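Taken together, the values in this text are just the output of simple stated rules run on the coordinates, not laboratory data. Bear in mind that the values here come from a model prediction, so they are computed numbers and not experimental data. Here Cβ is always computed from backbone atoms with ideal geometry, including for glycine, and neighbour counts include all displayed protein chains.
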Amino acid sequence: MSTTDSPLLTTKSENTKTTTTAFVATKGENKKWKVIYFDFPARGEQLRLMFIYSKVDFIDERYKGGKLLAGIKKNVMGDASPLPYDQVPVLVSPDGKAYGQTAACMQLLGHILPNLSPGDKKVDATCLGLALAAEDLRNTVYYPLFYPEVYKFIIKKKAPCCCCIPGCIGWYKKTSKHKKGFARWAKHFEDFLRLQKTKYLAGNQLYYCDIAVFDSIEACLDLPCFNREKELKPFPILEQWYVEMGNIPHLKSYLEERGGRMEYVLKYLSKK
Ligand SMILES: N[C@@H](CCC(=O)N[C@@H](CS)C(=O)NCC(=O)O)C(=O)O
């Protein structure tokens, strides 16, 4: 398959230069790891952040929507499908082995990239637990709130006269219950930092779990129903850690260039 003429997806490397490509690694790129995910900063974004933090180039294979992703699932591609669970994100090693399940991919990348995982197996269990907790936060807070928030945002912007509809959506989708879940998880993360008195979540060094938790918190707080300062105020140690994580130069410039997640959705919807 040609690597330059597929309309299916775009590949974005660390320098954010976007080129069109197919999902087979191009010549010269075959020594790189690859992330397969949607062209949207959600669950798979943390894998991209790992590479960006480490300044290691990677193949960033982005699918613009579920229909295109369906084209590489097992019922279409059989055993040649690169999706072990028919879901994304997927991490593919330079020799072509595909790994699924986000927390497992984070742990593996932590071991592959320099200085992102602890040598001690017990500390690594703590790291994996934190990466799984980050997924719990995403699954119980971010994802249930995402579509109601997108609808509310669009209605407020495009039809402000229908001002009671956002409230009805909130009531119907029980958004306040999901919103409250944020503080529950933030308290756990604050406790890790407070009880260990460490700079990072699992020690005095930044590990893959810090990137997983940072990305999950950042996704939640980017939803319009959250006010960042208000949500983090009860958790001052976590807030300080969060601000420091966001100020890490490489992450900061990537996040600034990427922009907010809601802006990303609106840009996507306006192109439709
Ligand atoms: N437990 C999985 C969940 C993965 C998942 O839900 N992926 C979603 C995108 S965030 C997906 O692939 N959706 C498309 C589909 O299922 O067809 C993980 O941690 O990676």
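Odds and ends about this structure:
- TYR63 long-range amide H proximity, modeled H, under 5 Å: TYR37, PHE38, ASP39
- For TYR200, distant residues with modelled amide H under 5 Å away: GLN205
- Each of LYS97 and SER81 was given a label point 7 Å from its Cα along the Cα-to-Cβ line. The distance between the two points is 2.1 nm.
- DSSP-defined beta bridges in the stretch 32-130 - what % are antiparallel, rounded to 5: 50 percent
- Alpha carbon centroid spacing (whole Å) that separates the stretch 106-145 from the stretch 172-251: 14 Å
- The stretch 194-221 residues near the modelled LEU269 label - backbone nitrogen below 20 Å, point 7 Å along Cα→Cβ: 219-221
- Here the Karplus relation 6.51 cos²θ - 1.76 cosθ + 1.60, evaluated at θ = phi - 60°, turns the backbone of the stretch 114-119 into coupling constants of x, 6, 10, 9, x, x Hz, with x for every Gly and Pro.
- q = 0.16, 0.22, 0.24 Å⁻¹: log10 I(q)/I(0) that the Debye formula gives for the stretch 181-263, counting C-alpha atoms only: -0.60, -1.12, -1.31
- Inter-label distance, nm, simple model (7 Å from Cα along the C-beta direction), HIS111/THR198: 1.9 nm
- The phi-based Karplus calculation (6.51 cos²θ - 1.76 cosθ + 1.60; θ = phi - 60°) puts the 3J(HN,Hα) values of the stretch 140-150 at 9, 10, 5, 5, x, 8, 4, 5, x, 5, 4 Hz, whole numbers, x for Gly and Pro.
- Placing +1 on each Lys and Arg Cβ and -1 on each Asp and Glu Cβ, with no other charges, gives the stretch 121-271 a dipole about its Cα centre of roughly 600 debye.
- Applied to the stretch 49-57, the Karplus parametrisation 6.51 cos²θ - 1.76 cosθ + 1.60 on θ = phi - 60° returns per-residue 3J(HN,Hα) values of 4, 4, 5, 5, 4, 7, 6, 10, 6 Hz, with x for Gly and Pro.
- Shown for VAL141, VAL213, VAL92, VAL243: other C-beta atoms within 10 Å of each C-beta, ranked fewest to most, produce the order VAL243, VAL92, VAL141, VAL213.
- Distance in nm between pseudo-label sites at GLU229 and LYS64 (7 Å out along the Cβ direction from Cα): 3.9 nm
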